[in-house]
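Here's the structure we're looking at; comments come further down.
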Amino acid sequence: TWLAACRDLVHESGGSINKYLGDGFFATWPATDAVAAEFPKLRSELIARQQGGGAVFRFVVHAGPTTVDASMVNGEETLIGATVNFVFRMEKVASREKLPRLWSREAVDLFAGRMAFSRALESEVAGFPGRHEFYLDH
């Protein structure tokens, strides 16, 4: 039920679920003005579900280019590239810090003026040199 509700929210906001994982999903959106305008509503809906006493989950948001692998796996397109890897490692940062949501610097730049953010932490991300800034939404 939770996955179906989230799938509907993702689709309504202009996104698509690229891959279902054992305990969640990986969703993508095109970086367009229409999506950026709709995304705050999706964020609010997800937060309401986080606080609604149902499934416990977190979400992370990052922005960047991806590549679509030409081969299909189980009828799904496979996205590849550094952006995809960064998202999964960013989720590990959110898990380690016990944060319900986490936004990358790139996502904050994309949604600037549409949502409020504050800097939460700076962290290393495995496989990505240097320290990276992460934000909380308000």
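The values are calculated or read from the model by the stated rules, or taken from the named source; none is laboratory data. From a predicted model like this one, the values you see are computed outputs, not experimental measurements. Every residue, glycine as well, gets a Cβ built from its backbone with ideal geometry; the counts of neighbours run over all protein chains shown. Note: accessible area is taken over every heavy atom of the protein model, side chains too, but ligands, DNA and RNA are not part of it. Shrake-Rupley method; radii C 1.70, N 1.55, O 1.52, S 1.80 Å.
Taking region 1-27 as the range and being among the aromatic types (Phe, Trp, Tyr) and outside any helix (DSSP H, G or I) as the test, the residues that pass are TYR20, PHE25, PHE26. For region 28-44, which positions are part of a loop (DSSP other than H, G, I, E, B) and surrounded by 14 or more Cβ atoms within 10 Å (Cβ to Cβ)? The answer is TRP29, and nothing else. Go through (1) open to solvent by less than 80 Å² (accessible area, probe 1.4 Å); (2) modelled with pLDDT of 95 or more one by one and return the number of the condition ARG89 breaks. Going through (1) open to solvent by less than 80 Å² (accessible area, probe 1.4 Å); (2) modelled with pLDDT of 95 or more one by one, ARG89 breaks only (1).
Of all the residues in region 39-55, those that are at pLDDT below 90 and out of contact with any helix residue (DSSP H, G or I) (no Cβ under 8 Å at 6 or more places or on another chain) number 4. Candidates GLY53, GLY130: the one that is among the small types (Gly, Ala, Ser) and assigned to a strand (DSSP E or B) is GLY130.
Taken over region 1-27, the criterion of being polar (S, T, N, Q) and either over 20 Å from TRP103 (Cβ atoms) or open to solvent by 40 Å² or more (accessible area, probe 1.4 Å) (or both) is satisfied by THR1, SER16.
Say we look at region 97-138 and pick out the residues that are closer than 19 Å to VAL84 by Cα and among the basic types (Lys, Arg); which of these is most open to solvent (accessible area, probe 1.4 Å)? Here the answer is ARG131.
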